[in-house]
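The values are calculated or read from the model by the stated rules, or taken from the named source; none is laboratory data. Because the structure is a prediction, the values reported are computed rather than measured. Here the Cβ is made from the backbone with ideal geometry for all residues, glycine too, and neighbour counts use every protein chain on show.
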Amino acid sequence: MKRFIFVVPTMILVFSIAVWMLDKDYAMINSETRLLIATGASVFSGVLTFFLMKGDAEQLAEAHKERKQNKLK
């Protein structure tokens with residue numbers, strides 16, 4: 001579950017950048033196809049992030065918890 005903290009924002013960022021780039025550079029392609037391409041890029045980046053952040057996400061979440069606990073003390 002900790003990995004989804006990084007997966008979802010990555011997917012949103014990739015989707016928004018892909019839509020922007022496709023609208024800017026490939027306006028001749030209809031909008032449904034551009035949205036499908038952007039959705040595919042978003043899902044692909046989410047899957048990559050999910051598997052590549054396996055160990056890092058848990059370490060970053062633990063470090064964040066420790067920082068919060070230290071601030072409360």
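Tabulated results
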read-out	value
Number of the exception - V8 against (1) without any contact (Cβ under 8 Å) to a residue 24 or more places away in the chain; (2) exposed (fewer than 13 other Cβ atoms within 10 Å of the Cβ); (3) not basic (K, R)	(1)
Flag for F15 being modelled with pLDDT of 95 or more, in contact with a helix residue (DSSP H, G or I) (Cβ under 8 Å, 6 or more places away or on another chain), of a type in the set (F, W, Y) and assigned to a helix (DSSP H, G or I)	yes
Test for K2: is it surrounded by 12 or more Cβ atoms within 10 Å (Cβ to Cβ) and either more than 16 Å from the chain's Cα centre (by Cα) or free of Cβ contacts under 8 Å to residues at least 60 places away in the same chain (or both)	yes
Given (1) free of Cβ contacts under 8 Å to residues at least 24 places away in the same chain; (2) assigned to a helix (DSSP H, G or I), number of the condition M28 does not satisfy	(2)
Out of T33, T49, T39, sole residue that is among the polar types (S, T, N, Q) and touching a residue at least 40 places away in the same chain (Cβ under 8 Å)	T49
Residue ID - nearest to F4 (Cα to Cα), chosen from residues in the stretch 14-73 that are surrounded by 11 or more Cβ atoms within 10 Å (Cβ to Cβ) and of a type in the set (S, T, N, Q)	T49
Members of the stretch 38-60 that are in a helix (DSSP H, G or I) and in contact with a helix residue (DSSP H, G or I) (Cβ under 6 Å, 6 or more places away or on another chain)	A38, A41, S42, S45, G46, T49, F50, A57
